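Scroll down for the structure; my scribbles are underneath it.
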Amino acid sequence: MTGAGRAGNGWRTARLGHFIGGDWVAAGSGRTYVDHSPWSGAALCEVAAGDAEDARRAIEAAHAAFGGWAGESPRRRQQIFLRAADILEGRRAEVLDALADETGCGRHFGDVQFDFTLRLLRQAAHLAYRPMGELLPSDVEGTQAMAVRRPVGVVAAIAPWNASLTLAGRAIVGPLALGNTVVLKPSEEAPYTGGALWAEILHEAGLPAGALNVVTHAPGEAGDIGDAMLANPLVKRINFTGSTPTGRRLAEKAGRHLKRLVLQLSGQNPLIVARDADIGYAVDAAAYGAFVHQGQVCMCARRVYVERPLAEEFAERFAAKVAALPTGDPHDPETVVGPVINEWALALLDRRVNEAVELGARVLAGGVPRPPCYPATVLTDVPGKAEIAHGETFGPVVILEAVDSAEEAVARANRSDLGLAASIITGDSRRGLRLAAQLDVGIVHVNDQPVNDEPHMPFGGVKDSGWGRFGLGFAAEEFCELQWVTVRDQDRTFPF
Ligand code: ADP
């Protein structure tokens, strides 16, 4: 069992082990599973199929490494993250290829992930020199008080497949840079680009053994490892990026263990087009926001609301643009809409679109699967009782609605239980800001589409879209404990 190391595309034929305590090891049970390409269906690599016992070994390795890593000098920590960025940068072509192979990620979104990740590592390097606390005034004479930020210990990270490189990176780099050690559980759909690759890079950059551990598992077997992370008292925080139903299950169990979670969950993200918008810009923004990475980004626009004076022309131009989006092989740089992640996802999209149509929705573009792709699809007149009108449908389908006013769009959008991201396109940016303040979401972009991220921004949702924030500076609130410390330089007088 190994990682793929520097063997170029060797990962395709590698047997990927867990990475525990600085070593590549087989699952304790000896079981493996095969990771497949969503585009070609080809077998990619054989992966350790871990269980709760493997998770326990990884947690104990992370715990053993904590004291050493937390006490490492800022200079050394900074060097490791800068070095990791340089190593990753040198592997660009190979990593983009792996993202396309393993997750169907096309060239554009591969570049987005890659560049975000380089910035994440380079910005994280500076966290080593972040002030560790504050001095606080005290009314008790002779007492000096301070709030000191300390790393928590072992952080467990559960990451999804969709932006595997970035979302696994975001889940581990902030916590590590703050002095924690980490056990990463990548998705079964992305054990390499969301797991083993991170171990390779950070290990080569000099991260000490045990500071990052990676445990993989077969499809359908995440629960065992998640439960082991939740129940183990050595794990002090868990961060999870994935769907709301899974996040809710984790939060219910975490309550029993009083374990703090950061949850980054589903979105039903509105994009609102005001009557004074530049219609060409709005069409381009909506097409990008709805269909980047074939709609498999939690921030993707799921509903486009257009103020009525523009609605008809917008629908016509948007549908024409969407129908022409090139669909197919994610390795082809011209492709916009690549394959969806697996057959289950394709069948779900097909079922939900068909159900909406049976209930009266109209298809303005797409709507017929082209396995393993689902083409970019625009629906309108979708009745409220259609499944696709609720929750999140993770793929290239967007719902178009005409509204009398942007305020009505805000009210409709706020009816959703989800509240991740939103955007507003308007010629009047002050009105845009007023509308932004009324939207119950964690992220709003005025005169842009909703899919944006930068490593230092406070990323996260409200309502059923999650708790807590990623974003390097903000991560300190999630992955550190604030300790109140006082020191006196003279004795006090006590009443008895
Ligand atoms: P998606 O539909 O995007 O795959 P999920 O929420 O199912 O969203 O998956 C996100 C991550 O959560 C993946 O790493 C997956 O393996 C993991 N996961 C799924 N079910 C559980 C569970 N019961 N406990 C812990 N992790 C889980």
Beta bridges by DSSP in the chain, antiparallel share as percent, to the nearest 5: 45
Reachable lysines, given that their alpha-carbon falls under 23 Å from the alpha-carbon of residue 236 and they are not under 8 places away in the same chain: 185, 253, 259
Estimated FRET transfer efficiency (residue 324, residue 358; beta-carbon r; R0 35 Å; 0.05): 0.85
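Tally Lys/Arg at +1 and Asp/Glu at -1 over every other residue whose Cβ is under 9 Å from the Cβ of residue 142; what's the total?
Values: positive: 488, 492; negative: 141, 489, 491.
Neighbour charge sum, excluding residue 142 itself: -1.
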Label-reachable residues, segment 347-367, where backbone N falls under 19 Å from a point 7 Å from residue 412's Cα toward its Cβ: 353, 356-365
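If one computes P(r) from the Cα atoms of segment 37-166, what percent of pairs lie at distances over 25 Å? Present the calculation step by step, with values, prior to reporting the outcome.
Working: 4212 of 8385 pairs.
I get 50 percent for the Cα pairs in segment 37-166 exceeding 25 Å.
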Inter-probe distance in nm under a simple model that places probes 7 Å from Cα toward Cβ, at residue 313 and residue 494: 8.0
The chain shape via C-alpha gyration tensor axes, a/c threshold 1.5: oblate
Residues with amide H under 5 Å from that of residue 425, placed H, sequence gap 5 or more: 272, 273, 274, 447
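Determine the sum of side-chain charges near residue 217: Lys and Arg each +1, Asp and Glu each -1, restricted to other residues whose C-beta is under 11 angstrom from that of residue 217. Don't skip to the end; give the middle numbers.
Values: positive: 31, 185; negative: 51, 54, 188, 221, 224.
Result for the local shell: -3.
Calculate, in nm to one decimal, what residue 89 and residue 126 gain on full extension: separation in residues at 0.36 nm each, minus their alpha carbon distance.
On the way: separation 37, 0.36 × 37 = 13.32 nm, distance 1.84 nm.
Here the segment from residue 89 to residue 126 would lengthen by 11.5 nm.
In what sequence do 480, 105, 298, 373 fall when counting other Cβ within 10 Å, fewest first? Don't jump to the answer; show the numbers that get you there.
Numbers: 480 20, 105 31, 298 27, 373 23.
The most exposed by this proxy come first: 480, 373, 298, 105.
Determine the sum of side-chain charges near residue 190: Lys and Arg each +1, Asp and Glu each -1, restricted to other residues whose C-beta is under 13 angstrom from that of residue 190. Don't skip to the answer; put the middle values down first.
On the way: positive: 185; negative: 35, 101, 102, 188, 189.
Result for the neighbourhood of residue 190: -4.
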Rough spin-label spacing in nm, given labels placed 7 Å along Cα→Cβ, for residue 248 and residue 278: 4.2
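Using Cβ counts within 10 Å as a stand-in for footprinting exposure, how do 161, 24, 484 rank, fewest first?
Ascending Cβ contact count within 10 Å gives the list 484, 24, 161.
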Amide N of segment 275-315 lying under 12 Å from the label point, which is placed 7 angstrom from the Cα of residue 404 along Cα→Cβ: 308
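Given a Förster radius of 25 Å and the C-beta distance between residue 231 and residue 34 as r, what FRET efficiency does 1/(1 + (r/R0)^6) yield to the nearest 0.05? Show your work: numbers first, answer last.
Values: r = 29 Å, r/R0 = 1.18.
The pair residue 231/residue 34 has a calculated efficiency of 0.25.
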Loop-resident sites, segment 429-496, for trypsin sites (Lys or Arg not before Pro), counting at most 16 other Cβ within 10 Å (DSSP): 492
Projected label distance in nm at residue 119 and residue 387, using a 7 Å step from Cα toward the beta-carbon: 3.7
Extension gain from residue 143 to residue 477, taking 0.36 nm per residue of separation minus the Cα-Cα distance: 117.7 nm
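Bear in mind these aren't lab numbers, they're just calculated from the coordinates by the rules spelled out. Bear in mind that the values here come from a model prediction, so they are computed numbers and not experimental data. Positions of Cβ are generated from backbone atoms using ideal geometry, with glycine treated the same way; all protein chains shown enter the neighbour counts.
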